[in-house]
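Reading through the structure tokens given below for one structure.
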There are 2 protein chains.
Amino acid sequence: MANIHDIAKKAGVSVTTVSRVLNNHKYVSEEKRIAVQNVIDEFNYTPNRNAIDLIRGETRQIGVIIPYNNNQAFDQMLHGILNKSIEHEYSVIVLPTTYDAKKELEYLSMLQTKMLDAVIITSRSNNWEAITPFTKYGPIISCEYTDFSEIGCSYIDRYTSYVEAFYLLKERGHERVAFTTAREMESKSTIQTFTAYEEVFGKPSGDYVIFNCYSMQDGYRAAQKLLHIKEKPTAIYANGDEVAAGIYQYAISIGMHIPRDVALLGQENQPIGEALAISTVDHQLIQAGEQAFELAIKKSKDKIKIPYQIIHRSSI
Amino acid sequence: MANIHDIAKKAGVSVTTVSRVLNNHKYVSEEKRIAVQNVIDEFNYTPNRNAIDLIRGETRQIGVIIPYNNNQAFDQMLHGILNKSIEHEYSVIVLPTTYDAKKELEYLSMLQTKMLDAVIITSRSNNWEAITPFTKYGPIISCEYTDFSEIGCSYIDRYTSYVEAFYLLKERGHERVAFTTAREMESKSTIQTFTAYEEVFGKPSGDYVIFNCYSMQDGYRAAQKLLHIKEKPTAIYANGDEVAAGIYQYAISIGMHIPRDVALLGQENQPIGEALAISTVDHQLIQAGEQAFELAIKKSKDKIKIPYQIIHRSSI
DNA sequence: ATGAAAGCGCTAACAC
DNA sequence: GTGTTAGCGCTTTCAT
């Protein structure tokens, strides 16, 4: 494996000159620049990233903590992050936790070992008290709002959006409204959904809430329960369009009509929702991911709220 | 940020001694070992990975080239890879290509820059001629069989499994058999499916083949076409259980019975297939991923065939 | 058992 | 414009 010295020797110049052409510095004669470039091409030489990272004290690698790498919502954020990482010539390391708090801490310590320049947390397993100490070693950006001043946030105002969604359903004349969530009460957004529901409709009846919904098939199973209650809900607020699609499919399969027999409101404006004309509240997760990345490389601790918008289609 | 010198000074020993306790070398007196460890704990010190990687000439990072990070089949391989990476204390970098050949080449060059110790290709976009030159810089393992001797393989014997699957359907009395695939004819496994089909049934009629099926909704759409042909197929071989589930759902929704009206055979033994009792051919992708990882760290160029198995349930 | 010193491959003052 | 040289933070001979 050739190194910069080999190139310098072969080209008859100093390592500095090689370094200069590598980094497009000025003050290199055209003549030498060409000579060096020729040797580089001949040897098919590429500088060693480790050496560069060591001297620069950065790796241009940023880590993204994600619970699952097969969830549409997280994929959208990741997508936004990848957009920006390409633009800024960073590479991103996906750090899947499956909500394992210990693993999350291990990932965070990659900041300390200088493997990562920053980490973005799309959804966390530890409490903030356990996370913030790591900000000593590099920026930590959250996709959820937190008051901790060490943490930059690119967040969705979920509570407000949930309240608006439930009000929308109420305005449309719905009294018996069910909803689905991803995680259970350990999750902030589940709690926010509950609180928003209470604000609009009062305490939800237990059988109007279905937890652990991530995919289309989870939605299908949720509908199998919800649509066979004697006091059937007249509307369902799903925690994603994929889940909503599963509900849709089951409702259709038992001969129900949407929205006549049951209204359906999804989230995140995912492709399948568009295909089935399901109304949805778009939290603009791609944009949230992009913003999170910008905060990360700027080492910013700003709290940026990403606006949501409701997309009206024919399911409510 | 403290470095090894700071620790050495504070503990009143040489950097060598610190390095020794860090790496659990023998020949360190218990006394000094404790002294050093105390300072390490006090400073919450962690060695800088870049420096270690530079000197060792390795990063203990292996890259996994994957077309999409939201596809069940690739997720299974990734899962297997992650299993082993944790066990061997490597970290894995997910490199999503969306089948962009240029991007794939960029990822491969991370071997050359020493960012990666090895790369595993779950599905490739470039031809092997373009890929093999990179083996100069580090091991490349493929999850698809190839004759190129520079490439280690942990592969599925897809052709044999496809032939067996189609024969199974034929034995059950099916003459009109349709199938779905992921990519089109640019993909080896699509070609293998065609060839296997031909061996058993002869050339497939054009409307019995549906390309670009990845998800449940793709299966749903495939069924919308397949089940409305005048000469309807009596059996469908789906390229995954998720796709099969979509077909299942549509068939049910138009009042068909499985397997009476249409038989269904899936692939990969995914959870949803189990839930719907869909027979499946399990290519044991998790095991394939585990094996690929082992080959990668052993720098082995072996060609290992992963056995498949057919799981009989009630859909055929 | 312990430490001094020579690198790993590169960048960036600094001098010329 | 170009080269010399001192590190970046660590591991590892080689002495002692």
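I want to verify a result. In a Gaussian network model of chain A, Cα cutoff 10 Å, which of these has the top mean-square fluctuation: A:S300, A:S29, A:S154?
Of the options given, A:S29 has the highest mean-square fluctuation.
Hey, can you grab everything whose amide H is under 5 Å from the amide H of B:L264? Only 5+ residues off in sequence or another chain; H modelled, so Pro and N-termini drop out.
Those qualifying (amide H under 5 Å, at least 5 residues apart or on another chain) are B:I236, B:I316.
Which lysines have a Cα lying under 19 Å from the Cα of B:K26, excluding residues fewer than 8 positions away in the same chain?
Straight-line reach from B:K26, under 19 Å: no lysines qualify.
Run the dipole for region B:158-282 about the Cα centre, Lys and Arg Cβ at +1, Asp and Glu Cβ at -1, nothing else charged, and hand back the magnitude in debye, nearest 20.
340 debye
What are the distances, in nm and sorted shortest first, from the label point of A:P271 to the label points of the same position in each other copy, with each label point placed 7 Å from Cα along the Cα-to-Cβ direction?
Label point to label point, same position, other copies: 2.2 nm.
Check which residues have an amide H placed less than 5 Å from B:I304's amide H, if you skip close sequence neighbours.
B:C153, B:S154, B:Y155
In degrees from 0 to 90, rounded to the nearest 10, what is the angle of the helix B:30-43 Cα long axis to the longest principal axis of chain B?
Around 70 degrees separate the two axes.
Which lysines, if any, have their Cα less than 26 Å from the Cα of A:K136, not counting same-chain residues under 8 positions apart?
The qualifying lysines are A:K84, A:K102, A:K103, A:K114, A:K188, A:K298, A:K299, A:K301, A:K303, A:K305, B:K9, B:K10.
Can you give the Rg to Rh ratio for region A:63-139, taking only C-alpha atoms and Rh from Kirkwood?
Here the Rg-to-Rh quotient is 0.95.
With point charges of +1 on the Cβ of Lys and Arg and -1 on the Cβ of Asp and Glu, referenced to the Cα centre of region B:158-282, which listed residue (B:T280, B:Y208, B:L168) lies farthest in the positive direction of the dipole?
B:Y208
Count, for each residue of B:45-55, the Cβ atoms from other chains sitting within 10 Å of its Cβ, then give me the mean as a whole number.
Rounded to a whole number, the mean comes out at 6.
Report, by chain and number, residues whose modeled amide H sits under 5 Å from the one on B:I93, excluding near sequence neighbours (fewer than 5 apart, same chain).
B:I62, B:G63, B:V64
Using a Gaussian network for chain B with springs between C-alpha atoms less than 10 Å apart, which of these wobbles most: B:K32, B:K84, B:K299?
In this elastic network of chain B, the residue with the biggest mean-square fluctuation among B:K32, B:K84, B:K299 is B:K32.
Quick one: 3J(HN,Hα) in Hz for region A:161-175, Karplus 6.51/-1.76/1.60 with θ = phi - 60°, rounded, Gly and Pro as x.
Whole-Hz 3J(HN,Hα) from phi for region A:161-175: 5, 5, 4, 4, 4, 5, 4, 4, 5, 5, 4, 6, x, 8, 10.
Binning at 10 Å from 0, report for region A:10-102 what percent of all alpha-carbon pair distances ends up in each bin.
All Cα pairs, binned at 10 Å, distribute as 13, 29, 24, 17, 13, 3 percent.
Could you give me D for region B:133-240, from Stokes-Einstein at 20 °C and 1.002 mPa s, where the hydrodynamic radius is the Kirkwood radius over C-alpha pairs? Units µm² s⁻¹, please.
Taking Rh from Cα pairs, D becomes 140 µm²/s.
I'd like to know which of B:F134, B:G152, B:M115 lies farthest towards the positive end of the charge dipole of region B:106-154, counting +1 on Cβ of Lys and Arg and -1 on Cβ of Asp and Glu.
So the residue furthest toward the plus end is B:M115.
Averaged across the residues of A:208-219, what count of C-beta atoms belonging to other chains lies within 10 Å of each residue's C-beta?
Average neighbour count from other chains, rounded to a whole number: 2.
Quick one: grab the alpha carbon gyration tensor of the protein assembly as shown, order the square roots of its eigenvalues as a ≥ b ≥ c, and give me rounded if a/c is under 1.5, else prolate or oblate depending on whether a/b is larger than b/c.
oblate
Would you mind telling me which residue in B:F134, B:F74, B:F148 has the biggest mean-square fluctuation in a Gaussian network model of chain B, where springs connect alpha carbons within a distance under 10 angstrom?
So, out of B:F134, B:F74, B:F148, the one fluctuating most is B:F148.
How big, in percent, is the set of alpha carbon pairs in region B:234-303 lying more than 15 Å apart?
57 percent
Restricting to the protein assembly as shown, what percent of DSSP beta bridges are antiparallel, rounded to 5?
So the antiparallel bridges in the protein assembly as shown amount to around 10 percent.
Given Cα pairs under 8 Å that are at least 6 residues apart, what percent is the relative contact order of region A:87-233?
15 percent
Hey, for A:E164 with labels 7 Å out along Cα-Cβ, what do the inter-copy distances come to in nm, ordered shortest first?
For A:E164, the inter-copy label distances come out at 5.5 nm.
Run the dipole for the protein assembly as shown about the Cα centre, Lys and Arg Cβ at +1, Asp and Glu Cβ at -1, nothing else charged, and hand back the magnitude in debye, nearest 20.
Once rounded to the nearest 20, the dipole reads 860 debye.
Sorted from shortest, what are the nm distances separating the label point of B:K303 from equivalent points in the other copies, each placed 7 Å from Cα along Cα to C-beta?
Counterpart label points of B:K303 in the remaining copies fall at 6.1 nm.
Treating the beta-carbon of each Lys and Arg as +1 and of each Asp and Glu as -1, no other charges, what is the dipole magnitude of chain A about its Cα centre, to the nearest 20 debye?
440 debye
Quick one: what do you get for region B:4-56 if you divide its Cα Rg by 2.2 N^0.38 Å?
Taking N as the residue count of region B:4-56, the ratio is 1.07.
I'd like the mean, over residues of B:267-274, of how many other protein chain beta carbons sit within 10 Å of each residue's own Cβ.
1
Could you compute how fast chain A diffuses translationally, taking Rh as the Kirkwood radius over C-alpha pairs and applying Stokes-Einstein at 20 °C with viscosity 1.002 mPa s? Give it in µm² per second.
Taking Rh from Cα pairs, D becomes 97 µm²/s.
Taken together, the values in this text are just the output of simple stated rules run on the coordinates, not laboratory data. Given the structure is predicted, the values throughout are model-derived calculations rather than measurements. Please note: Cβ atoms are built from the backbone with ideal geometry, for glycine as well, and neighbour counts cover all protein chains shown.
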